[in-house]
Amino acid sequence: MTMRDWLALFQKHSDIKIFHMNHLKLLTTLNDHALRVALYRMNGNQTVKRICRGFYANPFNLPTLEEISGQIYQPSYISLESALASYGLLSQLPRTLTCVTTRLPRTFRTTFGVIAYRQMKGEYFWGSLNRGLYALAQKEKAAADYIYLTPPKKRAETLSAIFSAPIDRQKLISCFSRLGMKEQVNFDPGTFTKK
């Protein structure tokens with residue numbers, strides 16, 4: 001395939017932001033070796049951007065880091081510091097996009113940024129909103145996930161900060177109950193102690 005053929009292919013499929021090598025293999029009918037060589041060359045001359053192993057961005061419709069997070073390691077949703085920052089509950093923006101998954105924890109250093117996945121039990125994997133190519137934790141679920149994954153010795157301080165933020169306490173307490181965090185349900189944010 002010539003460079004013009006590749007560009008025509010990406011433009012024809014501009015509705016697809018992220019391609020996996022297997023998708024490109026089906027669309028081009030190239031063998032593995034020829035496809036790898038072509039993608040390596042296009043990445044080198046910046047015609048196409050390699051996201052991470054096996055994934056490439058469409059040059060006619062570049063994905064966001066959030067969209068990438070929902071595609072390269074499934075199932076997952078954006079939560080923890082990243083979701084809390086998006087809701088304005090953290091004053092600083094995290095450098096790493098933080099997600100939760102039911103799979104093993106993993107960090108991807110992509111050409112678009114760093115994505116860290118933390119592991120949650122399958123029965124605690126709920127409470128996200130579909131945003132198209134990715135999912136975002138609901139505000140209270142993101143806070144509950146954050147507390148759940150915080151080491152127990154640091155929970156009181158983190159809880160106090162979360163409870164002082166504009167958040168629906170009843171929804172948060174409901175999330176704590178569903179996560180089996182009974183000690184947080186009775187937490188008194190004014191005194192750093194449990195009732």
Explain nothing, just the number: dipole magnitude of the stretch 67-194 about its Cα centre with +1 on each Lys and Arg Cβ and -1 on each Asp and Glu Cβ, in debye rounded to the nearest 20.
260 debye
What pairs in Lys154/Lys182; Lys141/Lys182; Lys153/Lys182; Lys17/Lys171; Lys25/Lys121; Lys49/Lys121 have C-alpha atoms more than 26 Å from each other?
Lys17/Lys171; Lys25/Lys121; Lys49/Lys121
Mind telling me which of Val37, Val100, Val114 comes out most flexible in a GNM of the chain, alpha-carbon contacts under 10 Å?
Val37
List the extent of the Cα atoms of the chain along each of their three principal axes, largest first, rounded to whole Å.
69, 29, 25
Residue with peak Gaussian network fluctuation, the chain [Cα springs, cutoff 10 Å], from Ile16, Ile162, Ile72:
Ile16
Compute the orientation-averaged projected area for the stretch 1-62 from the convex hull of its Cα atoms and round it to one decimal in nm².
3.6 nm²
Choice from Ala165, Ala83, Ala137 showing the highest fluctuation, given a GNM over the chain with Cα pairs closer than 10 Å:
Ala165
Extension reserve of the Thr29-Lys154 stretch, reckoned as 0.36 nm per residue once the Cα distance is removed:
39.6 nm
For the stretch 1-102, which trypsin sites (Lys or Arg not before Pro) pass both filters: DSSP loop (anything but H, G, I, E, B) and at most 11 other C-beta atoms within 10 Å?
Arg53, Arg95
In the stretch 102-172, which trypsin sites (Lys or Arg not before Pro) are in a loop and have at most 11 other Cβ atoms within 10 Å, using DSSP for the loop call?
Lys121
Residue exposure sequence - Glu81, Glu157 - by fewest surrounding Cβ within 10 Å:
Glu157, Glu81
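Bear in mind that the values in this text are calculations on the coordinates, not laboratory data. Here the structure is a predicted model, which is why all the values come from computation and not from measurement. Glycine gets a Cβ as well: all are built from the backbone with ideal geometry, and neighbour counts include every protein chain shown.
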